[in-house]
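Here's the structure, in structure tokens; my notes come after.
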Amino acid sequence: MLKRSLLLSLFLAAGSVQAEQKAPDLEKGKLTAEGICAGCHNPDGNSQLSANPKLAGQIPEYLAKQLHEFQSVDGKPPVRVNAVMNGMAAALSPEDITNVSHYFASQTLQPAVAKNGETVEWGQKLWRAGDASKGLPACAACHGPAGKGLPAQFPRLSGQFTEYTVAQLKAFRAGERANDPAKMMQMIAIKMTDKEIEAVADYIAGLR
């Protein structure tokens with residue numbers, strides 16, 4: 001009985017140590033953000049350039065997935081291809097990715113703003129209800145009514161730059177980006193016109 005209790009105690013202790021080792025280190029994440037990511041995304045993840053996404057407040061598991069998929073594994077091409085990000089991600093260890101993803105997730109988003117008042121109702125309709133006539137589902141079904149995302153597959157979109165969201169939807173539509181689960185975004189984006197993409201992306205920028 002004593003031996004069994006001792007083994008159980010050792011097992012629990014080992015599990016506790018392992019959990020502590022796996023916990024993200026936000027200070028190390030901050031150092032990675034400041035040293036590698038800041039040039040494009042700002043130290044706190046609030047990019048000022050619409051070509052570069054805002055990362056502050058994003059779902060950490062989603063950020064980690066993207067960083068891993070920007071990396072080449074066993075000499076194979078990255079799942080997600082981007083010349084700049086492929087180079088940046090190559091230098092990151094799994095621990096670095098965990099730390100920086102949780103660091104950005106812990107930062108407060110400074111949201112972008114919607115710019116086109118003429119399309120806001122259309123964008124809202126696409127977000128909330130999609131377009132049944134063309135088999136286009138509501139964006140909110142996966143990303144949540146307020147655009148906060150659903151861990152870990154579906155990212156937070158609210159407050160993201162219109163230009164960045166437009167670029168990603170068009171990349172999915174063209175098959176240039178193909179790291180979406182079950183090709184879901186590719187199948188959705190291919191049904192969307194440029195005007196629909198622009199309308200919903202602008203609505204997303206103003207979503208709170």
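The values are calculated or read from the model by the stated rules, or taken from the named source; none is laboratory data. Nothing here was measured: the structure is a model prediction, and the numbers come from that model. Positions of Cβ are generated from backbone atoms using ideal geometry, with glycine treated the same way; all protein chains shown enter the neighbour counts. SASA here: full protein model, heavy atoms, side chains in, ligands and nucleic acids out. Shrake-Rupley method; radii C 1.70, N 1.55, O 1.52, S 1.80 Å.
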Quiz item: Given labels modelled 7 Å from the Cα in the Cβ direction, how far is it in nm from Ser133 to Ser93?
Solution: 5.7
Quiz item: In terms of solvent-accessible area of protein heavy atoms at a 1.4 angstrom probe, what is the ranking of Trp122, Trp127, highest value first?
Solution: Trp122, Trp127
Quiz item: How would Thr165, Thr98 line up by accessible area, probe 1.4 Å, largest first?
Solution: Thr98, Thr165
Exercise. Compute the relative contact order of the chain as a whole-number percentage, counting only Cα pairs closer than 8 Å that sit 6 or more residues apart in sequence.
Key: 22
Quiz item: How large is ³J(HN,Hα) for each residue in the range 83-99, as worked out from phi by the Karplus curve 6.51 cos²θ - 1.76 cosθ + 1.60 (θ = phi - 60°), to whole Hz, x for Gly and Pro?
Solution: 4, 6, 5, 4, x, 5, 5, 4, 7, 8, 7, x, 5, 4, 5, 4, 5
Self-check item: Solvent-accessible area of Val113 with every protein chain in place, 1.4 Å probe, in Å² to the nearest 10
Solution: 90
Practice problem: Would you calculate, for the chain, the mean residue ellipticity at 222 nm contributed by helices, counting each DSSP H stretch of 4 or more residues as -39,500 (n - 2.57) and dividing by all residues, to the nearest 500? | Solution: -15500 deg cm²/dmol
Self-check item: Residue order for Glu95, Glu118, Glu27, Glu163 - accessible surface, 1.4 angstrom probe, largest first
Solution: Glu118, Glu27, Glu95, Glu163
Quiz item: For the chain, what is the accessible area per residue in Å², given a 1.4 Å probe and the full set of protein chains?
Solution: 57
Quiz item: Using modelled backbone amide H atoms (1.01 Å from N, in-plane), which distant-in-sequence or interchain residues come within less than 5 Å of Asp131's amide H?
Solution: Leu136
